[in-house]
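The values are calculated or read from the model by the stated rules, or taken from the named source; none is laboratory data. Here the structure is a predicted model, which is why all the values come from computation and not from measurement. Neighbour counts are summed over all protein chains in view; Cβ atoms, including those assigned to glycine, are modelled from backbone coordinates with ideal geometry.
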Amino acid sequence: MEKRTIERYSKRIILFHWVHVIAFVLLIISGAVMFLPGIGPSGGYFIGTVHRIAAVAFIAPPAIYAIYEPSSLLRFCRETFIWNKDDIKWFRAAPAYYFGGGKEGMPPQDKINTGQKMWQLVIFGTGIVFLITGAVMWFYKPSLALAIYQWILFTHGIAFIIVFVMFLVHLYMGLFHPMTRDSLRSMLDGKVSPSYAKSHYRKWYDRIMDDQ
């Protein structure tokens, strides 16, 4: 088996990632439970508290990262919002590649490939929606008109559906898809094999090889 020698993620990134994942799962569970019938006042209060704590934990990692490493935030924004012709080619070639086809038509990718850019874009967009709507419901719910509250809750729910669907895709690609399973291992020790880096992130691989 090929040794995994190329460092892809720092220990700090790995820590933040798993805090984010745990908080996200708690948000999913607690948010779903709050819509179930039969939740009494005490149970509703407990679930609501868990949801709020998880929300803070979900927001904390990117907020801390932005404060202490603003350059990383700028890099994240560039990766997320700057797209090029290879990203368009990726959309055309990805269905055949990820559903059993060859990799000949896949364009070379940077450290963050197009699929990951999509995930980051969804996280960024829905995160802003969650932050605004969640804060309004948390702090201003008693003073809101019922119609306004319902629209805010509806927007919150739509954002959840979008990010949850993408989360399932993200989970499938990391856990089950044979071509990308190594990506999950990289979120445990931060490393990938040279062949995996070359196959999935050719631009990044060539750049780090040139720097050696």
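Residues that are within 24 Å of the chain's Cα centre (by Cα), more than 18 Å from residue 159 (Cβ to Cβ) and either modelled with pLDDT under 85 or among the hydrophobic types (A, V, I, L, M, F, W, C) (or both) within the stretch 34-53 comprise 47, 48, 50, 53, listed in sequence order. Among what's in the stretch 103-145 and is farther than 24 Å from residue 196 by Cα and β-branched (Val, Ile, Thr), pick the residue that is surrounded by the most Cβ atoms within 10 Å (Cβ to Cβ). Out of the qualifying residues, it is 123. Restricting the search to the stretch 181-212, which residues are hydroxyl-bearing (Ser, Thr, Tyr), surrounded by fewer than 18 Cβ atoms within 10 Å (Cβ to Cβ) and not in a helix (DSSP H, G or I)? Residue satisfying the conditions is 193 alone.
For the stretch 137-150, the condition of being modelled with pLDDT under 85 and in contact with a Phe, Trp or Tyr (Cβ under 9 Å, 6 or more places away or on another chain) holds for at least one residue.
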